[in-house]
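What follows is a short report on a single structure.
Where a number appears in this text, it was derived from the coordinates with a stated rule and is not lab data. For clarity, every value in this text was computed on a predicted model and none was experimentally measured. All Cβ positions, even for glycine, are placed from backbone atoms using ideal geometry, and neighbour counts span all protein chains on display.
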């Protein structure tokens, strides 16, 4: 597989390791959206969260394997990006009538900009990587942002 | 066996690509040939050829939005398994179930 430059879409500021478990999905959305705002990925927290909720209303983003993959496509997104949050313990994540334990949240910020294909390609590649158990182990065990990026970039199927 | 699949989803970025990878992975594990066309936000990728569709033993539709150029499959309706990308991601071996 082509080497992917994950660091282009996953910033250190939006890669949160060993956070306390969230009380709810809503709390997780607020927390991550605020990280996106601080990192200048989105213009407005509420508008972006609205787009996450719109997506939640059409299908589940609980992916099994302790993964929650909420994603919002919004005018509020300046540049496509990924937020990652690893919780110390799983929390109950409810999505479209499905409930499951989530320990890893991947939040995708998708822009309306049609010229963003390059970034979209990296988001798509990351999504496909999440079906590999070896990748989940990297995300579970690495102790720093730098290690996660370097291990993922050298991971080959 | 030969498996072909089409994946698509609402936003066209997460489920489309995760489902495609899940299908490729399970087919590889089980030793089946597999081709997956993704209809996502980046347009149609790895488009199936008519011969792929004709020779396939199983055609998997893992979509929750409409499939483009669906008329390609009109003659092979008996081989089609209609699923959602979500179901395929959570349990990839579902594609082999009758």
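Points to keep in mind about this one:
- Restricted to region B:50-78, and to residues there that are part of a strand (DSSP E or B) and within 14 Å of chain A (Cβ to nearest Cβ), the residue that is surrounded by the most Cβ atoms within 10 Å (Cβ to Cβ) is B:62.
- Positions within region A:62-72 being over 11 Å from the mean Cα position of the chain (by Cα) and either surrounded by fewer than 24 Cβ atoms within 10 Å (Cβ to Cβ) or more than 8 Å from every other protein chain (Cβ to nearest Cβ) (or both), in sequence order: A:62, A:64, A:65, A:66
- Pick from region B:11-49, criterion part of a loop (DSSP other than H, G, I, E, B) and surrounded by fewer than 18 Cβ atoms within 10 Å (Cβ to Cβ), ranking: nearest to the other protein chains (Cβ to nearest Cβ): B:42
- Residue list for region A:99-144, filter: away from every other protein chain (no Cβ under 12 Å) and closer than 20 Å to residue A:22 by Cβ: A:99, A:101, A:102, A:103, A:104, A:105, A:136, A:139, A:140
- Meets criteria (within 14 Å of chain B (Cβ to nearest Cβ) and either farther than 23 Å from residue A:112 by Cα or touching a residue at least 12 places away in the same chain (Cβ under 8 Å) (or both)) for residue A:24: no
- Candidate set: region A:34-49, residues that are part of a helix (DSSP H, G or I) and touching a residue at least 40 places away in the same chain (Cβ under 8 Å); chosen: the one farthest from residue A:11 (Cα to Cα): A:48
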